[in-house]
1. What number of residues within the stretch 93-139 satisfy the criterion of being in contact with a helix residue (DSSP H, G or I) (Cβ under 7 Å, 6 or more places away or on another chain) and free of Cβ contacts under 8 Å to residues at least 60 places away in the same chain?
2. What number of residues in the stretch 215-237 are out of contact with any Cys (no Cβ under 7 Å at 6 or more places or on another chain) and farther than 15 Å from residue 153 by Cβ?
3. So is residue 219 under 30 Å from residue 45 (Cα atoms) and either of a type in the set (Gly, Ala, Ser) or in the same structural domain as residue 110 (by TED's automatic domain parsing) (or both) or not?
4. From the list 269, 284, 278, exactly one residue is assigned to a loop (DSSP other than H, G, I, E, B), surrounded by 21 or more Cβ atoms within 10 Å (Cβ to Cβ) and either assigned by TED's automatic domain parsing to the domain that holds residue 122 or of a type in the set (S, T, N, Q) (or both). Which is it?
5. Restricting to the stretch 97-114, give me the number of residues that are more than 21 Å from residue 295 (Cβ to Cβ) and assigned to a loop (DSSP other than H, G, I, E, B).
6. Taking the stated definitions as given, is residue 171 farther than 16 Å from residue 201 by Cα, assigned by TED's automatic domain parsing to the domain that holds residue 261 and surrounded by fewer than 24 Cβ atoms within 10 Å (Cβ to Cβ)?
7. Among what's in the stretch 178-232 and is among the acidic types (Asp, Glu) and in contact (Cβ under 8 Å) with a residue 40 or more places away in the chain, pick the residue that is farthest from residue 89 (Cα to Cα).
8. Suppose we keep only residues that are in contact with a Pro (Cβ under 8 Å, 6 or more places away or on another chain) and aliphatic (A, V, I, L, M) within the stretch 213-243. Which one would you say is surrounded by the most Cβ atoms within 10 Å (Cβ to Cβ)?
Amino acid sequence: MKLVSFRAGDEVHAGAVIQDRVMDLTRLITALPMPVWPAQALPSPSGQMLRLLHAGAEGLAQVARRIESTLRAGSLAQHPRLDSVRLLAPVPRPGKIIGVGRNYAEHAKEVGTTALEQPRLFTKVPSSVVGPGSIVKRPAAVTKMDFEAELAVVIGAVASNVERARALDFVAGYTALNDVSAREFQFDVSPPQTSLAKSMDGFCPMGPWLATRDEVPDPQALEIACDVNGQPMQRGRTSDMILPVDRLIEYISRFMTLEPGDVIATGTPAGVGAFRKPPVWLAPGDRIRIEISCIGVLEHSIG
């Protein structure tokens, strides 16, 4: 399934993409019972997509059944066209976003480091999230604005001390993410301010939708590409990750509980702007296109 968040009037709704249509899931989600987590008391989820993810596998199964019944009834044309709605990030306000640095061997090489045995983690604050088609404003104090195309993992169940063999069972699905970075705050100051460099307003475009696990049988068998103004910049395969998705979940969940709707940005292939000769910095008017096989295309621009 492909799940989206979209704006309808003044409200944010969750929906499912069926061919070229969007089925509003508001009634279904409102009726879903919220699970009681025995290990800990989680806050009430805010927003339809988070509520759906908190409902777990049964919530997603109900969506699948609703899609099947819509197709059997031949009523798809009653739903709005995908190109008529304004898409937001699939999870408009995740609880947390964990970034993974230097997780592709060629990118680590261009940075000037060797492959890491343990993940290099940082955070992007939830307020940095924007959706497809957004205009990401370059702050006045930033001149070294960079792009990083990444596979993002969206958690679908409470995950704590997860064994690697079961790690993917805790995934709801995947989306594309641009880990926009202000390199002068990451590299040119002492001490480095990595999380600030990656958490400015709009610095986390995500989308276009959440592709559930049935759409992505193997997260390590995907192709990822990033173009800027139509020029190829990054080309990579998720099979080249130093630490694959299951190992990342295993490691992170040792130290912090991952909750439904949390996002792991799994790292970027080589080709980012900072390490090109000469460097390529994003400027107002630039257009970024990120495509990940089995998932789709995320596009946005710089303002």
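The values are calculated or read from the model by the stated rules, or taken from the named source; none is laboratory data. Everything numeric here is computed off the predicted structure, so don't read it as measured data. Neighbour counts are summed over all protein chains in view; Cβ atoms, including those assigned to glycine, are modelled from backbone coordinates with ideal geometry.
1. Count: 2.
2. Residues that pass the stated criteria total 12.
3. Judged against the criteria, residue 219 is a match.
4. It is 269.
5. Of the residues in that region, 4 qualify.
6. Judged against the criteria, residue 171 is a match.
7. Filtering the stretch 178-232 for residues among the acidic types (Asp, Glu) gives 179, 184, 188, 201, 214-215, 218, 223, 227.
This time we only want the ones that are in contact (Cβ under 8 Å) with a residue 40 or more places away in the chain, so: 179, 184, 188, 201, 214-215, 223, 227.
Values: 179: 14, 184: 27, 188: 31, 201: 14, 214: 20, 215: 18, 223: 21, 227: 20 Å.
Here the residue is 188.
8. If we take residues in the stretch 213-243 being in contact with a Pro (Cβ under 8 Å, 6 or more places away or on another chain) and aliphatic (A, V, I, L, M), then 224 is surrounded by the most Cβ atoms within 10 Å (Cβ to Cβ).
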